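Since the structure comes first, as structure tokens, the remarks are kept for the end.
What follows is calculated from the coordinates using simple rules that are stated; it is not laboratory data. It should be emphasised that the depicted structure is a prediction, and the values quoted were computed from it without experimental measurement. Because the Cβ atoms are built from the backbone with ideal geometry, glycine has one as well, and the counts that use them run over all protein chains shown.
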Amino acid sequence: MFRLLPWRQELLHGLLGADLLGFHTYDYVRHFLSSVTRVTGLEHTLGEVNMQTRLARVDAFPLGIDFAKYAGALREESVQAEADKIRQTAGPHRIIASIDRLDYTKGIVERLEAFDWFLGSYPQYKGRVILILVAVPSRTDIENYRLLRERLERLVGRINGEHGAMGYVPVWYLYRSLPFPELTALYSVADAALVTPLRDGMNLIAKEFVATRTDGRGVLILSETAGAAGELGEAITVNAYDKMAVAQAIADALEMPEAEQRERNRLMQERLRRYDVARWCTDFLHALTEVKTKQQRLRVHRLSDANRRQLRAAYDASRSRLLLLDYDGTLVSFRGRPRQARPDAEVMALLQRLAGDDRNHVVIISGRDKNTLENWLGELPVTLIAEHGGWIREAGQSWRSSRPPTADWKRTLRPILELYSDRTPGSLVEEKDFSLVWHYRRAEPALAAVRTQELRDTLVHLTESMDVGVFEGHKILEIRRQGIDKGQAVESLIRDRPWGFILAVGDDYTDEDLFAVLPDGAYSLRVGTSISRARFNLDAVPDVRSLLKQLDSSDSAPTLGGIAKA
């Protein structure tokens, strides 16, 4: 349902503006993270969402209650007086308590219908059991809530008229909130609590009832769609829509032996005592401190203003500069399909100006195939390195390969990749001279995760005796010839002359080979917050462009070919 909202992206990005998002149950965490992955494409690991510029943590913090307050309620004279009053009024009747805000999500009408079914299916309890129904007024100025109240009151009247008798009213209906003494008194005298919302984030009524029952008696009947059901596993859990099952649960609760009641309540009370509202608050704040500490630790390697000025000064002072730039995820953002990530006018103009400075040697080093790089960037006076170093083309020259490509292993492995592509809608296979790539950026995330694991295990086993390696990158699985990587591709360039300034920028695992061969003093930057060999991190593609624009606008750089400096 969330995915139907036109403003779903804005809602998720707004929520992820928080450092810590706490949900009542792990189910809610799972649903939220699933929405994040499917709607925004952001990835998460162990509840941490990586947004390039920062991390946000998502975790479950089930809201507790003031356990000591409810457990000690019966020691108060006002509560004892109210409990005595209820017992005296109810007489010998067994009591089922139902307390909820009058809201359509609470399932009060469905609850009453189930009680009606109970009285009809178990006639032996007629005249012996009463339901005390407390409906707390809610949103009284909204028409739908007024209609809900009218429907509820008609149903109460019908049940009392059909199942009642002289001296016996099956449903005691109260349309008001109860002060603490009356509320806890009702908890303490009820034989069972009927808490069956159609959907509820947590529902503290269930926890308050269990905490109040210091005598150990009383049975909690709880809807499985209430958040509290995950914690209160000893309660009788029901499907709130199944009237027959709720009626059966009421009968089971009234017939449950006292020893079993005590054991169930003891286990739930121990859990609620340990994780009360104070513990909930402490855990929440502790988790917030942890995520801020981790954010700060990652921020240590971020390119600060001081580092940026130092880098700019080194660039200005040098007469011989080597700029090694990755393409996807560095100069341009990722797209759903690889062919959609064409360079825009801004990045083309920026590269043209940088490459036009005769003190600069600009190298675009990418995993793209040589034909794509030729078509997109071939007119620029830059060195192009394709397929992670498989092909090299210096400005004005032809392509040359570091080693001849072979196709035998592709004939063996491509049918396997195509099979997985057929089984994974939204994925595709790309063949290059030195590699095969399985793209799954547009595939359904949960299915893609399963298929990726299966395919990786299959390929690792099959390639043990082949001269290829299996590599996992941004929404891709790549099989590539061994010995071909970005580090080997640029080693000769680095040794070619005594560079006064070297800048290398990349965003994924393939760029780590590049960072590893850089000499001391070189400036290496990785896009994103991942742990890296790079000296510094930048947040995202716009930050890379911003840095390159600052270098391009250097006071010491000449005007190039009539193009005004930015």
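So in the stretch 2-63, what percent of DSSP beta bridges are antiparallel if you round to the nearest 5? Around 55 percent of the beta bridges assigned by DSSP in the stretch 2-63 are antiparallel ones.
For the chain, the residue among LEU493, GLY22, PRO405 whose Cα projects farthest onto the positive side of the dipole built from Cβ charges is LEU493. Using only Cα atoms and rounding to the nearest 10 degrees, what angle (0 to 90) does helix 408-423 make with the longest principal axis of the chain? Here the helix axis deviates by roughly 30 degrees. Footprinting exposure proxy ranking of MET166, MET256, MET268, MET244, fewest other C-beta atoms within 10 angstrom first, gives MET166, MET244, MET256, MET268.
Between the labelled values [x] 30.5, 120; [y] 33.7, 106; [z] 27.5, 93, the entry that holds Rg and Dmax of the Cα atoms in Å as derived from this structure is [y]. For a straight C-alpha distance cut-off of 14 angstrom, the aspartates and glutamates reachable from LYS85 (same-chain residues fewer than eight places away being disregarded) are GLU77, GLU182.
Rounded to the nearest 20 debye, the dipole size of the stretch 328-469 about its Cα centre is 180 debye, using +1 on the Cβ of Lys and Arg and -1 on the Cβ of Asp and Glu. Listed by chain and number, the lysines placed with their C-alpha closer than 18 angstrom to that of LYS549 are LYS565; residues fewer than eight positions away on the same chain are left out.
Packing around the peptides 536-542, 474-480, 205-211, 7-13, taken as the average count of other Cβ atoms within 10 Å per residue, puts them in this order, highest first: 205-211, 474-480, 536-542, 7-13. Volume per residue for the stretch 222-271 equals 54 cubic angstrom (convex hull of Cα atoms).
For the peptides 381-389, 18-26, residues were scored by their other Cβ atoms within 10 Å and the scores averaged per peptide; the highest-first order is 381-389, 18-26.
What the Cα atoms of the stretch 67-274 give is an Rg and a Dmax of 16.0, 47 Å. Using the average count of surrounding beta-carbon atoms within 10 Å as a protection proxy, the listed peptides 196-203, 281-288, 360-367, 269-276 rank, highest first, as 360-367, 196-203, 269-276, 281-288.
Under 5 Å from the amide H of GLY473 lie the amide H atoms of GLU478, each residue being 5 or more positions distant or on a separate chain, with H modelled from the backbone and absent for Pro and chain starts.
How large is the helix-only mean residue ellipticity at 222 nm for the chain, computed as the sum of -39500 (n - 2.57) over DSSP H runs with n ≥ 4, divided by its residue count, in deg cm²/dmol to the nearest 500?
-13500 deg cm²/dmol
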